Amino acid sequence: MVISAAPERVRSRDTLHPYRQDSDFYYLTGFLEPESVLALVPGRKHGEAILFCRDRDPAREGWDGPRLGPERAGEALGVDDAYPISDIDDILPGLLEGRARVYYQLGLDAGFDLKLIGWVNRLRGRSSGSAPQEFLQLGHLLDEQRLFKSEAEIRLLQHAVDITVAAHRAAMAAVRPGQHEYTLQAEIEREFRRSGAQPAYASIVGTGANGCVLHYGANVSRIHAGDLVLIDAGAEYRGYAADVSRTFPANGRFSKEQRALHDLVCKAQAAALAQARPGKPFAAMHEAAVVTLCDGLLSLGLLQGRLEAVVSSEAYTRFYPHKTGHWLGLDVHDVGEYRIDGASRLLEPGMVFTVEPGLYIPVDATDVPAKWRGIGIRIEDDVLVTRSGHRVLSAALERSADEVEACMASARATA
Ligand code: GLY
Ligand code: MN
Ligand code: MN
């Protein structure tokens, strides 16, 4: 198996984006530096796990910060052997020699793809017949491993979630009509940074109808009294992502219509969570949320017809266009198959996912009574499947309309 670190990426001219290690590479090495490669060579006498990384360089380290260097890699990372990345052209072909197949994720880094193919072709050019004959996509095997979280990973995920819970509370406490969305984004991300975390994805702070834009990220509108504010933001802590959404009233009190839809989304989330246990198909959570939302939308007069018909015709998708959850881990939309042989995958202990029903009534839905228009709500929590059921990692964060109002009121009382 050969895997390369994420390349550094230019933001503009000579400025780079903040470096983020490739999740697979990080999963296998715990190593955060660019310009490194891990090779796993089963049965190799001198060591099976071999790392290539940058040499120490006092001059460069003065500009960019410390480098581990091959000399310290064994001790720090637990690899068997380490070499300077500048020697990879001379060493890696020898590791590939005599191997039948190479596991590798093609297509992530075109430059490294070509290098690897070049090394294999060089071996092929020799008459000894010692070149690997097959490239296999590494993705699937590693994805399956990453889908099941270890105890250590669950601790890190819980920590990312705990930081995120504090951040959402800070935003609920800070919100005042007249502020801009970015003020709340700052509150959220301040909590992340002061705990050594950073956003796992672009924080979404949508006031009023901006809450209906699923990946809204501008965060520049002014917040008005009477608006609901939808925040979808999660911390990344030591590589592990939280992904949490709450929706709360800017002035601390839900209107009647806002509360009715918020209650309904809560109910849909509870219905989905009731399906979260080993042996249940992943899709059962979405199906339960959809039936609950449709039933409620019919009662409120936002949909017309029979329950089975609005479910099967997917008439609800104009108000609920997304799925109810996704795997969560090193990536916010984490790896792992959702279906196996055409059927929804059954839940097993150690899987972690979000449960995130929502309702979004477009402002331009002129066939809907005006009082509903422009309301956007999502409630998103992070869930671990346990042996006997599930654990909501973000359970501590206020969720129901009453809990949210009480949390906001007590923050205002002490402000
Ligand atoms: N924040 C992205 C999502 O909820 O999936
Ligand atoms: Mn999500
Ligand atoms: Mn989210």
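Since only 111, 47, 100 are under comparison, the one whose Cα sits farthest along the positive direction of the charge dipole of the range 46-129, derived from C-beta charges on Lys, Arg, Asp and Glu, is 100.
With a probe of 1.4 Å, find how much accessible area the range 68-205 has per residue, and write the answer as a whole number in Å². Accessible surface, normalised per residue, equals 50 Å². When its C-alpha radius of gyration is set against 2.2 N^0.38 Å (N residues), the chain gives a value of 1.15. Assuming charge only on the beta carbon of Lys and Arg (+1) and of Asp and Glu (-1), the dipole of the chain about its Cα centre is about 700 debye to the nearest 20.
Both numbers refer to the Cα atoms of the range 107-161; Rg and Dmax are 18.2, 56 Å. Our summary of shape: the Cα atoms of the range 44-146 have principal axis extents of 45, 35, 31 Å, ordered from largest down, in whole angstrom.
Applying both filters, DSSP loop and at most 16 other Cβ atoms within 10 Å, to the chymotrypsin sites (Phe, Trp or Tyr not before Pro) of the range 7-64 gives 19. Here is what passes the span test in the chain: the DSSP H helices with alpha carbon length of 18 Å or more along the helix axis and a Kyte-Doolittle mean of 1.0 or above are 283-299. Working from label points 7 Å from Cα in the Cα-to-Cβ sense, the residue 364 to residue 274 distance is 3.8 nm.
Evaluate the Debye formula for the range 176-216 with equal point scatterers sitting on the alpha carbons, no solvent, and hand back log10 of I(q)/I(0) at q = 0.15, 0.21, 0.22, 0.23 Å⁻¹, in q order, two decimals. Results for the range 176-216 at q = 0.15, 0.21, 0.22, 0.23 Å⁻¹ read -0.40, -0.71, -0.76, -0.81.
Per residue, the accessible area of the range 323-396 comes to 40 Å², computed with a 1.4 Å probe over protein heavy atoms only. Shape call for the range 222-326 from the C-alpha gyration tensor, a ≥ b ≥ c root eigenvalues: rounded (a/c under 1.5), prolate (a/b greater than b/c) or oblate? Note, shape of the range 222-326 comes out oblate. DSSP bridge analysis restricted to the range 1-147 gives an antiparallel fraction near 55%, rounded to the nearest 5. Dipole check for the range 1-146: with +1 at the C-beta of Lys and Arg, -1 at the C-beta of Asp and Glu, and the Cα centre as origin, the magnitude is about 320 Debye.
Calculated FRET efficiency, residue 117 and residue 238, Cβ-Cβ r, R0 35 Å, to nearest 0.05? Result of the calculation: an efficiency of 0.55. For the listed residue pairs 45/115; 256/280; 149/256, the alpha carbons are over 32 angstrom apart in 256/280; 149/256.
The values are calculated or read from the model by the stated rules, or taken from the named source; none is laboratory data. Since we're looking at a predicted model, the values are computed, not measured. When we count neighbours, we look across all protein chains shown, and the Cβ atoms used for this are built from the backbone with ideal geometry, even at glycine. Calculation scope for accessible area: heavy atoms of the full protein, side chains included, ligands and nucleic acids excluded. Shrake-Rupley method; radii C 1.70, N 1.55, O 1.52, S 1.80 Å.
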